[in-house]
Structure formats: structure tokens, C-alpha cells
Amino acid sequence: MPKVTYIDHHGMATGVDVPVGENVMRGALYNNVEGIAGECGGALSCATCRCYVDDAWTVKVGGPASHEERELLADVVELDAAEGALARNVRLSCQITMTPALDGLVVHLPAKQFF
Amino acid sequence: MTIDPAHPVPPVLPRFAGPEQIPPHVPKALVRSIGLTVGEAFLAAPHDFMARLHETMPPIFYDVNEFCNAWQLIKHEDALFALRHPEFFSNEGATPFPRDPDDYFYFIPIEIDPPAHRKYRNIVDPIFSPQGVLKLEGLIRQRANDLLDEFVDKGECEFTTAFGRPLPVSVFLDIMGLPQDMRDTFVQWAVNLLHSNDRATMAEAMKVITAYLKQAIAEKKAHPDEGVVSRIAHAAPDGVPLSDKEVFGFVIFIFIGGLDTVFATLNNIWLWLAQNPERVQEIIDRPADINAIVEELLRRWSVTFSGRVVAQDVEMRGVQMKKGDRVTSILPACNFDPEVFPNPLDVDFDRPRKTILAFTVGVHSCMGGHLARLELKIALQEWLKRIPRFTVKPGAKITYRPGGVVGPKAVPLVW
């Protein structure tokens, strides 16, 4: 099963198996990885599951998957500012679906998902 | 105090009601009695009433009424804060349903604060996730068309009983693994529980629902199936089976949360569609935008409220709230906050996407939200395919049900 490594804002890494077809937000929630809220459950409504794709993975993962994801991310730029250079790789983790090609994916998690 | 979900005890929280029971820390200037969900002005046009609160009320005020005095939040930002900070705004004891104190149970997971609530959500989230509910798409389309078959040639129907009521309840029964012949009985129970506005009727409804569900759970324990009742009855998070109290509290909560809300949402939306044929045409002309259309309709026609109990003293906008105070987010009003949604009463399918509060936010965000979105989408698509033009029956007078789920009593349509 593909593995995702979540690195929290203190730098602590947690590796989790996430099945193909499942998304990176649920991978965190089902395995009690802190740092992702995922309030709306993947409806593109809440923007509380943002993550920063590690530089080594941005090409494979790609940018926002939809107009809606881009609009929601535009609303959290203030929160992103605290994350420095990583902010350029921001995605909503519910919109990253696992594929075999993403085995080994590394994402960084913000200090907070909302104020 | 952290509660033990397996061993429920009635909360000892004070419940204040009426003008004689206003705590001394509540400033007189913030006290109002707006008749939310029951007053004449509210019932005349509930959503307009809730939108107007932004002009007529302070952003946070203290409503005094005969059921439960509480702080009221109407700003989008304030509701997001309250719903996202369980350390200040707890769900324990915040659900105002009468229960037998000698056979007490918690509504699960709504009355369980984090982190304990997550283990319950993990049991059912896979079924209610976007991918999970998509498996039901074909069945929901079929059920919608079966209902349409019954009245499409008649040229008229009473929407709430012909479609708005039976569609979500049938789908719900399928998901739960409960028999379809219970459909109308379930609806009547829910109406008595949520709309009677009478504590004795509510208590009686609770009694019959309790007896039925306990028997259904016992049956699923003996004969497991794929339904949600069975899944909960057999769940064992971290290897520990749920107690009887947890199973019951979980099943009855889904029953209450899932039965009436989609029903009311559809009724509100179909009334608006019938009054706005040019907007119906717009929906028909923009099939690729159906998801944005659904989201905007859910914003404009949210149907419910979200209650909390203050867990530790907190200040919002200079207002002091004390531990034990009750707080209600008036979700439809928050969706009409003009600072977030300009011209809030306009239905605009091209609004930039913002967090809507139809399903609340925070850890207790509605688990059925994806199902509700899918049902609304399919209902729109299938109905408009077969009845693209319809209006409210001439002479029909629209009135609203009092209670915590907002919608018209009846919506007579002709085409």
C-alpha cells in the first residue's frame, strides 16, 4: 500500500499507509495524525485540510485541482504567510487522491488550520 | 467535566428560561426576545427574518424565551470561532431533547467533545464520504424517478408529501438497512419530535422511537448486514465493542439528524424554484455548474441551528460569556452575513467559494453533508428533466412549521 509521510510544524514525521483511491486528508484523520482538521470531509467547503507538498513531490502532485480549490486557498493566504517558503506548495489534502505513483509522498502540515 | 460515553448520566447544567432567569452578567442592553422559530414575524418568512437580524440586532445578543435563554451568534466569523473551539464552546449537554433520566444516553457523536468523538466518526465516515455516497447515486436516481412516475402526468402535486418527504427518507432507510414500509411512520415520529413544540408530544415521540430502534439494533446484532445500524452495532474501535448505550445513542442521533433536514431543505428550495422560473431555466442551461448551484442553494436555504454550552468564561466582541451559558449559532443568519456574502439574499451561482454554514464547521461538521449534497443534486437533475416548468398552485397560501428545522408546511405545485 502506498505510504504518505506527514511532517508536522515541529518537524516530527509520521508515516501512514494510505490506500490507492483514498485522499491524503482522510489518511491523516483515520490514523490520528494531528494537524489536519478536514471539517467538511472533502466537500471543498472548509479549507481546513491544507498541506504543503514537499518540493520533491510538487511535479507529481501538481497544483490545485479545480477552480474551487484555488478560491478556497486564496482565503487562507494569511495563515500561509506564517509557513514561509513552503506556502507556494499549498494544496487541500482532500483533493490529493492516492495513486501508485504517489507512493512515498511527503507533505508538511501547518501549525494551525484556522484562527 | 469529561463525560464517559459508555456510562451516560444526565447533565447537571442549569437551563434558564424566561425573563425571570437572566443571569446577572448579561447586560440588559443585549437582551432580546426575537421569537426565533416560533414567533409570528419569523414564521411569516423565516429566511428573510434571519437575514434582517443583521440590521435589527447587535452582532451578539441574548435571547430570552420560554424554552431556553441563550446567546445568539449571527456573524459568520463568530460562528466559525464558536464551532471551531470546543475548549470554549462544548457540545456536552447542548442538545435539547427530552430523555428518560432513568435510561439516559448521549447523542453520539454530537454530544461528545474531541478527541473522543473521532472514534465514532471513523466508524461511519467511510459510508458518508464523497466516494461512499457516490455508490448510492444510481439508487437515489431510481428512487427519485419512481416518485416522479407517480405524479408527473397529473400536472400537480403537493411537493412536501409527494417528493420532498419520501425521497430523503427512503434513501436514509436504505443506508441504515431499515425497511421501506416504515417510511411514513418515521416521518410522523420525526415531525412530532422536531415540530410539535410541545414537550409532552416530544417525550412521547422519543419513547416510541426508542422502542423501535432498540428492537432494530437487537435484530441487526443477531443478523448483521451492510447497513449503518448493523455497522454501528458491530463496531469495535481499537478492539473494544461499543456499549449498548453508545450504539443506541449513535443510531438514534443519525435517525434524528438525517430524517428531517434534507426534507426541509428540498421544500424550501422547490418553493423558490416554483416562484422563479427564469432561475430554473438558468439551472437547466448550466448543467456543468451543478455543484456550485447546489452549494449556493444550500447557503441560501439552510434550515437549522447549532447549540453549545460555554465550557470556560470567554469574551467575544467585548461580550462576556460565562461557563454554563448556552450559545446558539443561527446558521442561516450566518450564511446571510453581508460582510462575507454581499447581497446575501440573492441567489448567485457565481459567488466566490466561501465556507458555508449549512452543515456547520468544526469537528462536529455534519456527517451527512455529502449525502445531502448528492440528494439535492440528483433531485434537481431528475425533477427538471421531467418537470422543467412549474409554479405554486394559484391561491395556495404558504405557511411555515415552527421548530428547529425551518421549512414550509406544504408546497402545492402545478405544471
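A short reminder: the numbers here are calculations on the coordinates, not readings from a lab. What you see is a predicted model; the values in this text were computed from it and never measured. All Cβ positions, glycine included, derive from the backbone under ideal geometry; neighbour counts span all protein chains shown.
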Exercise. Counting partner chain Cβ atoms within 10 Å of every residue's Cβ in A:32-42, what's the average?
Worked result: 5
For this session: For region B:1-94, state which GluC sites (Glu not before Pro) are in a DSSP loop and have at most 11 other beta carbons lying within 10 Å of their beta carbon.
Result: B:GLU20, B:GLU66, B:GLU87
For this session: Name the helices (complete DSSP H segments) of chain B with a Cα length along the long axis of 20 Å or more and a Kyte-Doolittle mean of at least -0.5, or state none.
Result: B:199-222, B:244-259, B:261-275, B:369-386
Problem set entry | Sequence-distant lysines (8 or more away, or on other chains) whose Cα lies within less than 30 Å of B:LYS214 | B:LYS119, B:LYS135, B:LYS245
Problem set entry | Eligible lysines near B:LYS397 by straight Cα distance, threshold 18 Å, same-chain separation 8 or greater | B:LYS409
Exercise. In region B:275-331, which trypsin sites (Lys or Arg not before Pro) fall in coil by DSSP and have 11 or fewer other Cβ atoms within 10 Å?
Worked result: B:ARG317
Problem set entry | Dimensionless Rg ratio for region B:28-414, taking C-alpha atoms and the 2.2 N^0.38 Å reference | 0.97
Seminar exercise, completed: Of the listed links B:LYS207/B:LYS323; B:LYS75/B:LYS323; B:LYS207/B:LYS393; B:LYS207/B:LYS377; A:LYS112/B:LYS377, those spanning more than 27 angstrom between alpha carbons are B:LYS207/B:LYS323; B:LYS207/B:LYS393; B:LYS207/B:LYS377; A:LYS112/B:LYS377
Exercise. One-quarter of the Cα convex hull surface for the protein assembly as shown, in nm²?
Worked result: 24.7 nm²
Exercise. Using the eigenvalues of the Cα gyration tensor, what equivalent ellipsoid semi-axes result for region A:3-108 when each is taken as the square root of five times the eigenvalue, whole Å, largest first?
Worked result: 18, 15, 14
Exercise. Calculated from DSSP H runs of 4 or more alone, at -39500 (n - 2.57) each and per residue, what is the 222 nm mean residue ellipticity of chain B, nearest 500?
Worked result: -13500 deg cm²/dmol
Problem set entry | region B:33-115: relative contact order in percent, alpha carbon pairs under 8 Å with at least 6 residues between | 17 percent
For this session: Could you pull out every one of the lysines with an alpha carbon less than 18 Å from that of B:LYS28, ignoring same-chain neighbours closer than 8 positions?
Result: B:LYS322
Problem set entry | Rel. contact order, % - alpha carbon contacts under 8 angstrom, at least six apart, region B:28-414 | 28 percent
Exercise. Hey, got the dipole for the protein assembly as shown? About the Cα centre, +1 on K and R Cβ, -1 on D and E Cβ, debye to the nearest 20?
Worked result: 420 debye
